[in-house]
Amino acid sequence: MIKQAIRALLLIGLPFVASASPPDINRTELEAFTDGFMAAAMENHHVPGAVISVVAGDTVLFEKGYGYSHLDTQAPVNADTTLFRVASITKLLTWVAVMQLHEAGELDLDSDINDYLGELQVPSSFDTPITLNHLMAHTPGFEDHVIRLFALNESSMEPAPDILAREMPLRVRPPGELPAYSNHGTALAGLIVERVSGLSWVEYVETAIFQPLGMEQVTVRQPVPDALKPQLATGYAWRNGSYRAGEFEYVPLASAGGMSSSAHAMGRFMRAILNGGELDGERILGKATVDRMRSDLFRADPRISAVLHGFYEFSSHGQFIFGHGGSTVRFQSIMLLLPDHDIGIFISTNSESGYALHSDYRKAWLDRYFPQEQVVKPHTFDQTPVENVVGTYANIRSSFSDFTELGRVLSPLSVTEGLGAEIQVTGFEYPRSYREIDTGLFEDRLSGGRLAFGFDETGRATHVLLGTVPTTAFERLPWYHSPRVLGAALGAVILIFVAVFVIFPVQSFTSHIYRGAQEVRYRRAAWLLALAAIVCLLLFLNVARVSNQLLFGLNDGARALLVGSYTIPLLTLVLASRIPAMWREDLLSAPSRVGYLLIFVAGVFLSLMLLDWHLYLGS
């Protein structure tokens, strides 16, 4: 059926931001502004330490540390020497390495990556092969793995080829279709760098990037070398009114997130990128290659941000901005580059809540130096029927082969009909109202954030893209995976098992009704099934409560859940074996037959649900 659209001749104010002239940034004024911001934001967001580097052209405009790198010793953060874990900003090193080898004619960005991987091969699940361009754009079509993404000790570290061989992500969609941020994809690129260069990824980065750029207070070695250990900041979490220190967070897939760096070292890297690949007479990339890295590689919708060649777009306030973010459990970092003004900003914090700080700083800084000018532009478009976008959407950056897939089902975006022609979206930190400003493009009135919907041939939305997060998409969930349906079904199952768990023992002591031997055996098995189901539910709630621990591997609760889940289908099979004999005893009333059948059906349903959630073979 051809998409039905309502023709709307509307004159609405589309946000149009006039480009500001290059800002005249005074170092003293910038420092005063940043000092004031940091004082308030660090207290509000519970950030013990932060660091910033602002470069302009080939010079350092402003670098400064705030707060403490170690609360126990009150060691202050130093922009020149304090090392922060910058996580996924490390990926930029991998993509620079790939582009260097491409410049040298050693890598073809459009060739099948299996041509470079040697004995480790990516399965040919689709006709289209995965290329380095797909990896760089986060569009290889991989599922995402989060279990064991980090490690807490050196003994848990394994060589990347071994990890990738054991945990090769499933190919769940054709490459180049939709973006889904992939650490394993970047790790494959890092492995290709090793295969082609003949060096380890660590050695390559040190000799081909760090040394030419004079980046000294930085390392990709884990643990950090002894000489740098005193400079490494401690990461913290705010719990119950106080800070809790964390251990060093190892990243086994180092090429995707293993770097520890000072702000000054990051400033030198930004200056090289802004200067076309050169710093202090040393060149790491040709200017044409740097220009290519800041150009579009994948844009899922022309009206939202793009993934570039290794970087991604943060454009705002009428300015083209690109860069990369990075997060561990207890460190949050951002790098932003404004090439039209030769400005680069790097911020890192040693707190899990640091994302809010650098996000707020970015907006405050842009508001100050590039104030927006709203211009009303007449615009005519085909309005989308609201019912075509209403539904539940789940993040495609997810595992589809282990039980962590539950995370995307339990934390979706829910789109409902709002007032007038607006839609209401829940699933962010607070409910938001969006109005349509172009066909399939909706804007939040308050924040200006945008959602772009994709549609099938019938006009029904199949997925939604976040305007400022180009590395992920949300796909429409089938009705049977919606939280409302799952919640109702699971609630009914739990109610049945709770009734069995409570009523059966009471009846055993209070009822004098004669029961046949088969009915007694059935009731015992049903009570054990109810007990197992309740225990599994409690284990699941405990795992969900401390889900961040899964980033470091399976904890005892998760292991118990995986083992305990097998008791559900086994006991359900026991019930199935008892039913014929119990029915033949002909001692059951009609209500008893219905009740016992419901218990069996609940066991079958829960068994199938656990299978769907990969709580058996998938984990």
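So, R0 is 35 Å and r is the distance between the beta-carbons of Ser411 and Thr59; what FRET efficiency does that work out to, to 0.05?
On the way: r = 44 Å, r/R0 = 1.26.
Using R0 = 35 Å, I get an efficiency of 0.20.
So what are the ³J(HN,Hα) numbers for the stretch 484-498, from phi and the Karplus equation (6.51, -1.76, 1.60; θ = phi - 60°), rounded to whole Hz, Gly and Pro as x?
Couplings: 5, 5, 4, x, 5, 5, 5, x, 5, 4, 4, 4, 4, 5, 5 Hz.
Using +1 on the beta carbon of Lys and Arg, -1 on that of Asp and Glu, and nothing else charged, what's the dipole of the chain about the Cα centre, debye to 20? Walk me through the intermediate numbers first.
Details: 46 positive and 63 negative charges, 500 e Å.
Magnitude of the dipole: close to 2400 debye.
What is the set of long-range amide H partners of Leu279 at a cut-off below 5 Å, with H atoms built 1.01 Å from backbone N?
Ile284
Using θ = phi - 60° and the Karplus form 6.51 cos²θ - 1.76 cosθ + 1.60, what ³J(HN,Hα) does each residue of the stretch 196-203 get, whole Hz, x for Gly and Pro?
Going residue by residue, I get 7, 7, x, 10, 5, 4, 4, 5 Hz, with x marking Gly and Pro.
Just to be sure I understand the model, the point goes 7 Å from the Cα along the line to the Cβ. What's the resulting Asp382 to Ala245 distance in nm?
If labels sit at Asp382 and Ala245, their model points lie 6.2 nm apart.
Rounded to the nearest 0.05, what FRET efficiency do Phe320 and Ser155 have when you use their Cβ-Cβ distance and R0 = 45 Å? Before the final figure, lay out the partial values.
Details: r = 45 Å, r/R0 = 1.00.
Step by step, r from the Cβ atoms, then E = 0.50.
Would you mind calculating the gained length between Gln121 and Asp162 on full extension (0.36 nm times residue separation, minus the Cα-Cα distance), in nm to one decimal?
Working: separation 41, 0.36 × 41 = 14.76 nm, distance 1.23 nm.
Here the answer is 13.5 nm.
Rolling a 1.4 angstrom probe over the protein heavy atoms, how many square angstrom per residue are accessible across the stretch 169-234? Don't skip to the answer; put the middle values down first.
Details: 2350 Å² over 66 residues.
Per residue, the stretch 169-234 has 36 Å² of solvent-accessible surface.
Normalised by the number of residues in the stretch 192-249, what is the relative contact order in percent for Cα pairs under 8 Å and 6+ residues apart?
Value for the stretch 192-249: 17 percent.
Order these peptides, 181-194, 440-453, by their mean beta-carbon neighbour count within 10 angstrom, highest first. It would help to have the intermediate numbers written out before the result.
Numbers: 181-194: 24.6, 440-453: 18.3.
Averaged packing, sorted descending, gives the order 181-194, 440-453.
Of all accessible surface on the stretch 541-619 at a 1.4 Å probe, what whole percent is carbon and sulfur?
69 percent
Can you tell me the accessible area per residue over the stretch 533-619, all protein chains present, probe 1.4 angstrom, in square angstrom?
Details: 4620 Å² over 87 residues.
Accessible area per residue, the stretch 533-619: 53 Å².
Quick one: length gained pulling Val604 to Tyr480 fully straight, 0.36 nm per residue minus the C-alpha distance?
Working: separation 124, 0.36 × 124 = 44.64 nm, distance 1.62 nm.
Length difference between fully extended and current span is 43.0 nm.
Tell me, what ³J(HN,Hα) does each residue in the stretch 424-430 have, in order and in whole Hz, if you take phi through Karplus 6.51 cos²θ - 1.76 cosθ + 1.60 with θ = phi - 60° and put x for Gly and Pro?
Listing the rounded values in order: 10, 10, 10, x, 7, 5, 7 Hz.
Treat each spin label as a single point 7 Å out from the Cα along the C-beta direction, and report the Ala492 to Leu531 distance in nm.
Computed distance between label sites Ala492 and Leu531 equals 2.8 nm.
For the stretch 187-325, calculate the relative contact order in percent as a whole number, restricting contacts to Cα pairs under 8 Å that are 6 or more residues apart. All intermediate terms of the calculation are to be shown ahead of the outcome.
Working: 152 pairs, mean separation 23.7, N = 139.
Value for the stretch 187-325: 17 percent.
Dipole of the chain (Lys/Arg Cβ +1, Asp/Glu Cβ -1, origin at the Cα centre): which of Ser197, Thr207, Ile396 lies farthest to the positive side?
Ile396
What size of dipole, in debye to the nearest 20, comes out for the stretch 345-430 about its Cα centre when the only charges are +1 on Lys and Arg C-beta atoms and -1 on Asp and Glu C-beta atoms? Could you put the intermediate results ahead of the total?
On the way: 6 positive and 11 negative charges, 66 e Å.
Result for the stretch 345-430 is approximately 320 debye, rounded to the nearest 20.
Assuming R0 = 25 Å, can you tell me the calculated FRET efficiency for the pair Ser200 and Asn548, based on Cβ-Cβ distance, to the nearest 0.05? Display every interim value, and only then the final one.
Values: r = 30 Å, r/R0 = 1.20.
After rounding, the FRET efficiency stands at 0.25.
Between Glu282 and Leu419, what length comes free when the chain is fully extended (0.36 nm per residue of separation minus the Cα-Cα distance, one decimal in nm)? Show your work: numbers first, answer last.
On the way: separation 137, 0.36 × 137 = 49.32 nm, distance 5.86 nm.
Difference between extended and current length: 43.5 nm.
Show that you can apply the helix-only estimate: for the chain, add -39,500 (n - 2.57) for every DSSP H stretch of four or more residues, divide by all residues, and state [θ] at 222 nm to the nearest 500.
Numbers: 16 runs with 214 residues, N = 619.
My calculation for the chain gives -11000 deg cm²/dmol from helical runs alone.
With +1 assigned to the C-beta of every Lys and Arg and -1 to the C-beta of every Asp and Glu, and no other charges, what is the dipole magnitude of the stretch 378-516 about the Cα centre in debye, to the nearest 20?
Values: 10 positive and 14 negative charges, 125 e Å.
My answer is approximately 600 debye.
Along the positive direction of the dipole of the chain (beta-carbon charges: Lys, Arg +1; Asp, Glu -1; about the Cα centre), which of Leu608, Thr94, Ser411 reaches farthest?
Of the candidates, Leu608 comes out farthest on the positive side.
Find the relative contact order for the chain and round it to a whole percent, using C-alpha pairs within less than 8 Å whose residues are 6+ positions apart. Write down the numbers at each step before the final one.
Details: 1181 pairs, mean separation 110.1, N = 619.
Worked out over the chain, it gives 18 percent.
For the stretch 237-291 and the stretch 419-489, what is the centre-to-centre distance using only Cα atoms, to the nearest Å?
33 Å
State the label only: which of [x] 67.1, 237; [y] 27.8, 95; [z] 42.6, 130 corresponds to Rg and Dmax of the Cα atoms in Å computed from the shown model?
Evaluating Rg and Dmax of the Cα atoms in Å on these atoms matches [y].
Quick check: at a probe of 1.4 Å, how many percent of the accessible area of the stretch 16-169 sits on carbon and sulfur atoms? Before the final figure, lay out each step's value.
Working: 3130 of 6240 Å².
Of the solvent-accessible surface of the stretch 16-169, carbon and sulfur hold 50 percent.
5 Å is the cut-off here: which amide hydrogens, built 1.01 Å from N in the peptide plane, fall below it relative to Ser398, excluding neighbours closer than 5 in sequence?
It is Asp144, by chain and number.
Taking amide H atoms as placed 1.01 Å from N in the peptide plane, list the residues 5 or more away in sequence, or in a different chain, whose amide H sits under 5 Å from that of Ser111.
When sequence neighbours closer than 5 places are left aside, the close amide H contacts are Leu132.
The values are calculated or read from the model by the stated rules, or taken from the named source; none is laboratory data. For clarity, every value in this text was computed on a predicted model and none was experimentally measured. Glycine gets a Cβ as well: all are built from the backbone with ideal geometry, and neighbour counts include every protein chain shown. Each accessible area value is taken on the protein alone, full model and side chains, heavy atoms only, with ligands, DNA and RNA left out. Shrake-Rupley method; radii C 1.70, N 1.55, O 1.52, S 1.80 Å.
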